[in-house]
Amino acid sequence: MSDRIAPAVAVTGATRGIGRAIAVDLATRGWNVLLLGRDTTLLDAVAGECSSQGSAVSTAAVDVRSAEGIEEAFARAESSIGPLTALVNNAGAQHVGPALELSAEHLDDIVDTNLKGSFLCAQAFARRAVSRDGTGAIVNVSSAAAIVGTTDRAAYAASKAGILMLTRTLAREWAPHRIRVNAIAPTFVDTELGRKTLADTDRREAILHSIPMKRIATYDDILPAVRFLLNDTTSGYITGQTIAIDGGLSS
């Protein structure tokens with residue numbers, strides 16, 4: 001048995017979909033995990049999946065729009081699973097509908113969750129990393145909607161585009177501290193929630209028509225990119241970059 005201390009990663013929006021898949025995948029590969037989400041029941045379920053892989057797990061029912069809540073969650077986690085060496089900013093919200101009908105309340109919720117939440121989590125992570133003389137890796141989950149114009153998702157697309165520039169800016173600012181900041185930009189992914197949309201035959205065909213590779217993305221398309229960007233051995237000189245995981249949509 002190795003005495004090496006396992007790396008620890010915080011994953012936001014970890015209760016379902018991409019966030020859950022990332023957390024469980026990293027747990028199977030020796031990472032300790034901090035799971036952040038809003039639903040305690042779902043958090044407990046994902047925690048069980050991760051701990052069954054031998055991972056040390058901490059959970060926090062926290063709103064990523066709360067700087068105080070994030071700081072408390074990070075501090076509590078580090079006392080139990082060790083120093084956080086990586087962060088995956090996955091928590092997100094969206095509202096589908098015409099821009100002319102987008103309410104100020106929906107706009108605030110989406111931008112605050114997606115963009116402000118990503119910034120606050122990255123800031124809290126980086127402060128702790130800098131206090132330990134630096135090093136760390138952040139992966140922000142953006143979207144192909146940040147690159148290619150998408151109807152009926154004005155606030156979502158704008159917030160995800162903001163994440164791309166946030167990624168580039170923080171990468172430059174934190175590079176002297178050896179904190180790498182990168183992003184992934186997936187197109188439509190076959191998640192439990194996404195299957196509700198895919199059940200609409202016309203909508204599914206429209207999505208497939210827009211993707212040159214003519215298939216929907218799966219977790220198997222997402223997870224290797226996240227692992228690559230978090231690994232200092234494979235991507236230690238890569239920062240400020242976005243990997244579009246979109247089957248050629250943005251090409």
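Descriptive notes on the structure:
- Residues of the stretch 81-131 that turn out to be part of a helix (DSSP H, G or I) and within 30 Å of residue 5 (Cα to Cα), as a count: 16
- Every residue from the stretch 119-149 that is within 30 Å of residue 212 (Cα to Cα) and either buried (at least 17 other Cβ atoms within 10 Å of the Cβ) or modelled with pLDDT of 95 or more (or both): 138, 139, 140, 141, 142, 143, 144, 145, 146, 147, 148
- Annotation: of all residues in the stretch 133-166 being touching a Leu at 6+ places or on another chain (Cβ under 8 Å), of a type in the set (S, T, N, Q) and outside any helix (DSSP H, G or I), the one that is nearest to residue 233 (Cα to Cα) is 140.
- Among the residues making up the stretch 182-221, those that are touching a helix residue (DSSP H, G or I) at 6+ places or on another chain (Cβ under 7 Å), in a helix (DSSP H, G or I) and closer than 19 Å to residue 151 by Cα are 197, 198, 203, 204.
- Count of residues meeting criterion [surrounded by fewer than 22 Cβ atoms within 10 Å (Cβ to Cβ), in contact (Cβ under 8 Å) with a residue 40 or more places away in the chain and more than 19 Å from the chain's Cα centre (by Cα)] in the stretch 49-71: 1
- Checking each residue in the stretch 114-154 for being among the polar types (S, T, N, Q) and closer than 23 Å to residue 230 by Cα picks out 114, 118, 123, 131, 135, 140, 142, 143.
- Flag for residue 76 being in a helix (DSSP H, G or I), under 20 Å from residue 128 (Cα atoms) and free of Cβ contacts under 8 Å to residues at least 60 places away in the same chain: yes
- Exactly one residue among 23, 6, 27, 60 is at pLDDT below 95 and touching a strand residue (DSSP E or B) at 6+ places or on another chain (Cβ under 7 Å), and that residue is 6.
- For the stretch 208-237, the set of residues classified as among the β-branched types (Val, Ile, Thr) and either in contact with a Gly (Cβ under 7 Å, 6 or more places away or on another chain) or buried (at least 17 other Cβ atoms within 10 Å of the Cβ) (or both) consists of 211, 216, 222, 226, listed by residue number.
- Here residue 194 meets the list (1) within 17 Å of the chain's Cα centre (by Cα); (2) at pLDDT 95 or above almost entirely, failing just condition (2).
The values are calculated or read from the model by the stated rules, or taken from the named source; none is laboratory data. If you're wondering where the values come from, they're calculated on a predicted model, not measured in any experiment. Every residue, glycine among them, receives a Cβ derived from its backbone with ideal geometry; neighbour counts consider all protein chains shown.
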